[in-house]
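Enquirer: Shown below is the structure under consideration.
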Amino acid sequence: MIFVCIDQRRTGGLIIWRSGSVMVVYRGSNYKRPLKSQTLNGASTPVKGEDGTLFIPDASSPAESDSQGKDLAAQRADVSQLNMQNTEDMTEEELEFNQMLDELGPRFVDWWGTGILPVDADLLPQTIPGYKTPHRVLPTGMRSTLTNAELTNLRKLARNLPCHFALGRNRNHQGLAAAIVKLWEKSLVVKIAVKRGIQNTNNKLMAEEIKNLTGGTLLLRNKFYIVIYRGKDFLPTSVAAVLAEREELTKDIQNMEEQRRNISTAQPPDDGLDGHALAGTLAEFQEAQARWGREVSAKEQEEMKEASSRSEKQKLYRKLEHKLSIAQAKIHRAERLLSKIEASMVLANPCDDQEMITDEEKSVFRRIGLRLKSYLPLGVRGVFDGVIENMHLHWKHREVVKLISKQKTLSFVQETARLLEYESGGILVAIERVPKGYALIFYRGKNYRRPINIRPRNLLTKAKALKRAVAMQRHEALSQHIDQLESNIKQMKLDLGIEDYEEQEEDSSDSENEDGTDVTSASYDEDQDDFDESADEYGDYDDDDEDDEVDR
């Protein structure tokens with residue numbers, strides 16, 4: 001289809017039938033025969049005649065076709081002249097691009113596309129004596145590879161660019177590589193079109209050889225185009241020449257310094273070191289130690305070791321004290337948050353008129369509850385209003401409900417069972433050990449009546465219960481951490497001998513003024529409370545928080 005569009009545009013006719021490589025072109029009802037003096041210009045844009053009409057080549061007359069074939073060489077020779085004649089319709093960017101291509105080599109006259117004619121890479125020299133890959137230096141702190149965003153932007157840039165070269169040869173591209181390096185001084189990418197209609201063209205071989213000769217980065221390669229980026233480490237020819245000169249100068253200076261160093265070390269010294277320099281050696285240190293140094297006794301060495309060890313221990317002791325103060329402030333905040341959450345939880349009192357069941361009934365309900373497949377899980381949140389609601393929903397269809405608790409201690413499980421019994425109004429049948437944890441079996445009672453509000457208002461919501469569980473977990477972890485720090489600090493005091501000194505100070509302060517200690521401790525507690533108020537990382541707790549009602 002691409003060749004069909006090209007033929008229609010060049011001839012000005014309409015293809016009415018096509019089979020393989022055979023086409024039938026209709027010239028059109030308004031066809032006008034062009035003048036013989038009209039020819040195609042160097043760009044793929046038709047040249048305008050004297051009357052302003054576009055030139056359309058005539059293929060109907062054999063004689064005229066022969067004359068056009070004879071003049072083909074002359075037309076190719078005059079491509080640059082025709083380009084100059086058609087520069088009136090070009091913009092400034094197109095003129096600059098056209099001039100840049102004129103400096104690179106001859107144009108490809110049989111270009112099938114639109115726009116400015118590319119350079120014919122097959123007419124460039126195949127080999128250049130002494131050709132070397134351009135010198136490259138990557139700037140400091142820059143990665144050599146391209147990111148996905150950079151690749152996308154460069155491909156978008158190359159899509160809108162006209163082709164710089166047209167290539168049909170698979171190998172021997174040193175002339176093309178030299179032209180590409182010259183082009184890269186003005187353009188980031190080079191766009192090469194693969195010639196069509198040439199047999200045995202291999203764009204993979206073309207791209208690999210050009211990449212090896214130039215050192216660029218391949219952005220795109222298909223059967224139509226090859227796009228190569230110059231790379232972040234590309235250097236223009238002038239800059240590369242200056243850097244190469246500086247490197248040669250640096251190497252010469254290093255060689256001269258190495259020669260002078262070899263000359264100085266070649267002379268045998270008088271100190272008996274066999275040609276080795278004295279500076280920076282053990283012999284120099286021993287000589288300086290013998291002249292000006294003072295021998296340190298074994299006692300002084302032990303004292304220095306003890307002082308160094310004691311300073312390290314004191315540093316570690318101060319660090320542990322700092323950690324202890326931070327942990328105490330955190331556990332104080334956790335306790336305050338936990339007290340605020342529990343303040344909104346009002347537990348129900350046990351009912352005086354509680355229904356009783358016999359041991360036989362308990363045994364029956366226990367077996368029924370253990371055989372139940374459906375159960376209610378009790379997670380880290382513990383007992384909250386949703387658990388009681390689910391119990392009433394279970395009791396709507398059956399008399400017994402089973403809950404599975406993940407708690408590890410039996411005493412905690414028993415406390416949770418009593419709380420559920422008080423809040424739900426049911427009867428605790430049994431607490432059994434099961435593989436998943438502890439099973440709590442409750443019987444609803446013979447006189448059970450479903451309450452109006454199955455979700456009690458005196459318990460915590462699901463969100464508040466989670467906050468309470470997190471606060472309790474934090475409090476437990478901080479308590480263990482503080483105990484460990486206190487034991488470590490006590491051991492450090494014994495090692496440093498600080499314990500006896502502090503006890504003497506406390507005894508003296510108690511004998512002088514007993515009331516002063518109480519006042520000091522009270523003021524410290526007030527200051528600590530003020531510090532916690534200003535640095536509370538958990539924020540104020542709001543009982544009417546709207547986020548707590550999301551999980552209701």
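The values are calculated or read from the model by the stated rules, or taken from the named source; none is laboratory data. Just so it is clear, the model here is predicted, and its values are computed rather than measured. So basically every Cβ, Gly included, is an ideal-geometry build from the backbone, and we count neighbours across all protein chains shown. Ligands, DNA and RNA are excluded from the accessible area calculation, which covers all protein heavy atoms including side chains. Shrake-Rupley method; radii C 1.70, N 1.55, O 1.52, S 1.80 Å.
Enquirer: Tell me, what ³J(HN,Hα) does each residue in segment 90-103 have, in order and in whole Hz, if you take phi through Karplus 6.51 cos²θ - 1.76 cosθ + 1.60 with θ = phi - 60° and put x for Gly and Pro?
Expert: 8, 7, 5, 5, 5, 5, 5, 5, 5, 5, 5, 6, 5, 6
Enquirer: Quick one: with all protein chains in place, what share of the accessible area of segment 164-228 is carbon or sulfur, to the nearest percent (1.4 Å probe)?
Expert: Here it works out to 44 percent.
Enquirer: Give, in nm to one decimal, the length gained when the segment between I128 and E355 is fully stretched (0.36 nm per residue of separation minus the Cα-Cα distance).
Expert: 70.9 nm
Enquirer: Also: Could you give each residue of segment 339-348 its phi-based ³J(HN,Hα) in whole Hz, using Karplus coefficients 6.51, -1.76, 1.60 with θ = phi - 60°, and x for Gly or Pro?
Expert: Coupling constants for segment 339-348: 5, 5, 5, 6, 5, 7, 9, 10, 7, 7 Hz.
Enquirer: If you line up the Cα atoms of segment 289-422 on their principal axes, what length do they span on each, largest first, in Å?
Expert: Ordered largest first, segment 289-422 gives principal extents of 102, 33, 25 Å.
Enquirer: Tell me which lysines have Cα within less than 18 Å of K323's Cα, excluding those fewer than 8 residues away on the same chain?
Expert: K313, K315, K490, K493
Enquirer: In terms of Cα to Cα distance under 29 Å, which lysines are near enough to K373, apart from those fewer than 8 places away along the same chain?
Expert: Correct list for K373: K362, K396, K402, K406, K408, K436, K446, K462.
Enquirer: Further question on the same structure: Applying the Karplus parametrisation 6.51 cos²θ - 1.76 cosθ + 1.60 with θ = phi - 60° to the phi angles of segment 122-131, what ³J(HN,Hα) value in whole Hz is obtained for each residue in order, glycine and proline being reported as x?
Expert: Listing the rounded values in order: 6, 8, 6, x, 6, 10, 10, x, x, 6 Hz.
Enquirer: Then there is this: Would any residue of segment 352-385 have its amide N under 14 Å from a label point 7 Å out along Cα→Cβ of K446? List them or say none.
Expert: 354-362
Enquirer: Also, quick follow-up: At q = 0.10, 0.19, 0.20 Å⁻¹, what log₁₀ I(q)/I(0) does a Debye calculation on the Cα points of segment 351-476 give, no solvent, two decimals?
Expert: With no solvent term, the Cα-only Debye profile gives -0.31, -1.10, -1.21.
Enquirer: Another one. Based on the mean of other Cβ atoms within 10 Å per residue, sort peptides 290-300, 437-447, 329-339, 355-365 so the most packed one is first.
Expert: Listed from highest to lowest mean packing, they are 437-447, 329-339, 355-365, 290-300.
Enquirer: Separate question: What nm distance separates the two modelled labels at K462 and D110, each placed 7 Å from Cα along Cα→Cβ?
Expert: Inter-label distance under the simple model: 7.6 nm.
Enquirer: Lys/Arg Cβ at +1, Asp/Glu Cβ at -1, dipole of segment 367-459 taken about the Cα centre: which of P451, G425, V400 is farthest positive-ward?
Expert: Most positive-ward Cα: V400.
Enquirer: Suppose we keep just the alpha-carbon trace of segment 183-332; what are its Rg and Dmax in angstrom?
Expert: 34.5, 96
Enquirer: Rounding to the nearest 20 debye, state how big the charge dipole of segment 331-424 is about its Cα centre with +1 on each Lys and Arg Cβ and -1 on each Asp and Glu Cβ.
Expert: Here the size comes out at about 740 debye.
Enquirer: So, for segment 139-296, what is the accessible surface per residue at a probe of 1.4 Å, expressed in square angstrom?
Expert: For segment 139-296, the per-residue accessible area is 66 Å².
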